[in-house]
1. I'd like the residue in segment B:194-231 that is facing another protein chain (nearest Cβ under 9 Å) and outside any helix (DSSP H, G or I) and, out of all such residues, is modelled with the highest pLDDT.
2. Select from segment A:258-302 the residues that are closer than 28 Å to A:Ala165 by Cα, more than 7 Å from every other protein chain (Cβ to nearest Cβ) and touching a Ser or Thr at 6+ places or on another chain (Cβ under 7 Å) and list them in ascending order.
3. Limited to segment C:254-276, what total is found for residues that are buried (at least 22 other Cβ atoms within 10 Å of the Cβ) and in a loop (DSSP other than H, G, I, E, B)?
4. Tally time: how many residues in segment C:360-395 are touching a residue at least 40 places away in the same chain (Cβ under 8 Å) and either among the charged types (D, E, K, R) or out of contact with any helix residue (DSSP H, G or I) (no Cβ under 7 Å at 6 or more places or on another chain) (or both)?
5. Taking the criterion of being more than 14 Å from chain A (Cβ to nearest Cβ), among the basic types (Lys, Arg) and more than 30 Å from B:Ile24 (Cβ to Cβ), would at least one residue in segment B:47-66 satisfy it?
6. Quickly run through segment C:151-181 and pick out the residues that are touching an Asp or Glu at 6+ places or on another chain (Cβ under 7 Å), crowded, with 24+ Cβ neighbours inside 10 Å and farther than 30 Å from C:Tyr191 by Cβ.
7. Report whether or not B:Thr58 is surrounded by fewer than 19 Cβ atoms within 10 Å (Cβ to Cβ), part of a loop (DSSP other than H, G, I, E, B) and modelled with pLDDT of 80 or more.
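The values are calculated or read from the model by the stated rules, or taken from the named source; none is laboratory data. Quantities reported herein were computed from a predicted structural model and do not represent experimental measurements. Reconstructed Cβ throughout: ideal geometry from the backbone, glycine too, with neighbour counts over all protein chains shown.
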Amino acid sequence: MTKKKKAIMETLHAFPFLLPSVIGLFIFCLIPLVISVFLSMTDWNGLEKLTSSGFFAKHFIGLENYIKILSGKEFYQVLLNTCYFIVLYIPLMLAASIGIAMLLNSPRKGIGLYRILYYIPVLTSWVAGALIWRWVLSPQYGIMNNILAMFHITGPNWLQDAKWAMPAIVMASVWKDMGFFGLILLSGLQGISKSYYEAAKVDGAGKWKQFSSITLPLLTPTLFFVLVVALINSFQLFPQVMIMTDGGPNGATQVMVERIYNYGFRYFKMGYAAAFSWLLFIIIFALTSLQLKMQKGWVHYD
Amino acid sequence: MIKNKAKSVLFHIVALAVGMIAMIPFFWMVSTSFKSQGALMTLPIQWIPSAPTLEAYTRVFSMFPFARAIFNSLFIAVSYTLITILASSMAAFVFAKMQIPFANGLFKVYLASMMIPTQITLIPLFVVMNKIGLINTYGSVIFPSLFRAFAVFMLVQTMKTIPNDFLEAARIDGANPFQIYRKIMMPMCAPTIATLCVTTFMDSWNDYLWPLVMLSNKNFMTLPLALNQLNGQYATQYNVLMAGSLLSMLPIIIVYIFAQRYFKSGLMAGGIKG
Amino acid sequence: MKKALAVAMVLVMVLGMVGCGSTDASTTDATVTTDTTNTTDTTATTAETDTTAADTTSVSTDPVTITYCNFNASGANEAVLASMYEKFHEQYPNITVEIETIGYSDYFTQMQTRVAGGTAPDCYELNIENFAAYASNGVLAEISGVDTSGINQTALKAFNVDGVQYGIPGCFSNVVLVYNKDLFDQAGIAYPTNDWTWDDAQTAAEAIRALGDDIYGVYAPITYNEFFKVAAQYGGSLLNADKTEFTVNSPENITAATMMVERVTKSNVQPTTAQMGSMGDWDLFESGKLGMIATGIWSFSTFADACKFNWDIAVEPGGTQKATHFFSNAYVVNVDSKNKEAATTWINWLASSADAANLRIAAGWDLPAITDQTVLNTYLELTPPDNREAVFESLNYLVVPPIIKDYSMMSDIITEKLSLAATGSITAEEALNQAQEELTSTITLK
């Protein structure tokens, strides 16, 4: 078969496999996205009917929203807050979830119970989670400061202290997500064939050598996935901020999506919020493209 | 022997300690669900209710058509999960193993779709759904499962690790792509698919804002929507809310337990035999 | 075969989904929720309704179905709302109302989406913050052609924007001073009276604070919602008379804010956020560790259940004059509704009819915003608290929040600055100056 014919056959074969997903892509993703691009160039308040006649003619303001956002202070401040979260969250979360995945990968009796235990935070809603974390971090009665007191450290005011509010959110977020990413990494660990380990044991490799030359390299595809998804998600940090601190104290935990939501649904400046979102998108997209390029350096698919 | 026993004990201590930390909010939820309205938010926290009562649970069952809400949630979540697995695995197969033009670009679009906050696409998507006429139908909350970039991405990562030799061998044996998909790709992705079943089911089951906007008709009310009616303007009945939330977590845990069967260590099922 | 089973299930589901779709978009529009009475529009019936709307008999006898969406009934009162509707339907058998009750927290995201998407109900409920935005952005219908004389006129005025009536007050609440009688007895001081000023309250608070380290004298939230009222108690206001300028840092306002803030930072008769732990203000009062709390009358049923001590209420203390808070939710009509007249009839009935009011009071739900004293008297007969007359006396001093287009932004900025002052990092005066600056630069008034 000629190369060209082979390519055409491949494409024909691929078509039915892609079709359902791509139909969904168009209807439920691309069309609304394109609409939102146009909306970001209007002064729409988020209330007026989108389908009213002459909508764009009436509300089009070009790149005014973008200019306003980029020339103000708020965007950069909020971006900084978000990055502060990411820099603290990602390493902690990775360490916790890898640890949990390794812990749960053993075929012991009762491991199933532990797997459920660790997943429960993922299942609880942020309503319950936020309430309990507010108590944990309570300056006088919470266990966090009580534990610190055992080491003669006076704990800060956590959620009411502008310096410590974001670290508090990081802790709560790691608690909630470690089961989720742990489960994903676990399935990655499970996909590593036992035969590799057996061969290594025959060769006399110790536990650490097994980990560094078998587990880690073969886990990289899943690790890459976790890293990309975790990064995309952390840029979109939202529910815990809304429920635990509402952007406070004094704007210390105002993050990108919190601003987007408030502008869109509280201050009724939806066009502005859309522009904000697209700027956020550009940032995330750039970072993810970078990650994709770099994956050749460390991700092993075989 | 003793070394093994010691390791075992150590394991259980560590695992239990971490587990307890993970579970503290859960204990609070359970404790609160057995409290009566007045005793809810005292400090220091009362872990064991002084006067435990089942009133929260009886209220949950009497407050709204619980059975109907569970049925709706189940129907929606199960359909959603099945469609996600099917549509996403088929697409992932193409991205991971087939060389076609535009595949790279299309995959980047999939990834990019995860980077826009849903708050912004909520209203445009609503308008689109309205134009198609899907508002107030089960379809409005189920059809979006056709496109799940997260699932596609995860499956692509797993499928890429499947050695091409297996596929070559199957092709030589005369298998068509669909058979390769069915007999090689899917079985070898079992742990990933099991994970996706759990996470997708959970996402769909717990989804709140989308069904709220799409399904205003009472008959379609899902469980999270029904539970959120407890949220009043000035006060929320936390004990009833916690009781309902706990009950709501049960199906997901059941799915999780069921999915555990597929978490076998070192899976190479069906691959070698082709 | 497993796969085949899955595929078969998917097919069944798809058929089920398409088949189960009940209403299409147009029916949803028609079944819009009932909003309060006024739907003025260029329909032919408008001309007739001007005189006939006042009757309690239906204006047109064609059967019509409308949708009404609310959040106020969520939590406990859905059954009461249903029984109200039964009564309504007896009097207006041709109007069918489909009632939706949605939890408060996501109600507004949902409502905004529906309004923007064109599927909003015929009538629905809004709180004050959202009312300001919806009314200023042209999505509400003008309410006219119904008799609103039975409604408290101050409350009615709150929902009048630039001379056009856009909403009807559905219920209303105000803020009173709730106090712990046992603590007052312990400190040996007299109970608050309806004439107290904040100076009197401060003296009492200090006496109670002295009872113990973890016992506090008074609590009044330091937020925008409290501030605009306390400012009025000292003769100040947030905007000038014709709402063209902010006057947030006027001397009267500064006096008011300083008084509020120094309760926490200077005399500490009010706990700091750290001292509260993660307890809410109600929790603190219910635990018996708070002498006085300025809170809404919607707290009565909760306190009745949870407080194990004797308590009562008084009109909120004043400054140089009395001013009390006014909270109300508005019933509004969708400007695109095709059944404005029926919708208006429903919400007017819901807000002002004697039947609805009696049901509301009997259920301990909230207070209807009406002037009919005989109906309101049944409210007085319920206890606790004993001094329910204070609720009605407070109505004499109602202050309405300043409704502007960017209401939420204004309230967020002010609350943010005031909370900073409450932590002691800046003074109340600095806080108000900063607020004034930020408000003038970010919000354009007419």
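1. Once the filter is applied, the top-ranked residue is B:Tyr208.
2. Hits for segment A:258-302 are A:Ala275, A:Trp278.
3. 3
4. 11
5. There is no residue in segment B:47-66 that is more than 14 Å from chain A (Cβ to nearest Cβ), among the basic types (Lys, Arg) and more than 30 Å from B:Ile24 (Cβ to Cβ).
6. C:Tyr166, C:Gly170
7. no
The rows are residues; the columns are (1) in a helix (DSSP H, G or I); (2) touching a residue at least 60 places away in the same chain (Cβ under 8 Å); (3) at the interface with chain A (Cβ under 9 Å from one of its Cβ atoms); (4) surrounded by 18 or more Cβ atoms within 10 Å (Cβ to Cβ).
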| site | (1), (2), (3), (4) |
| --- | --- |
| B:Pro101 | no, no, yes, no |
| B:Asn104 | yes, no, no, no |
| B:Val127 | yes, no, yes, yes |
| B:Asn136 | no, yes, no, yes |
| B:Phe166 | yes, yes, no, yes |
| B:Met185 | yes, yes, no, yes |
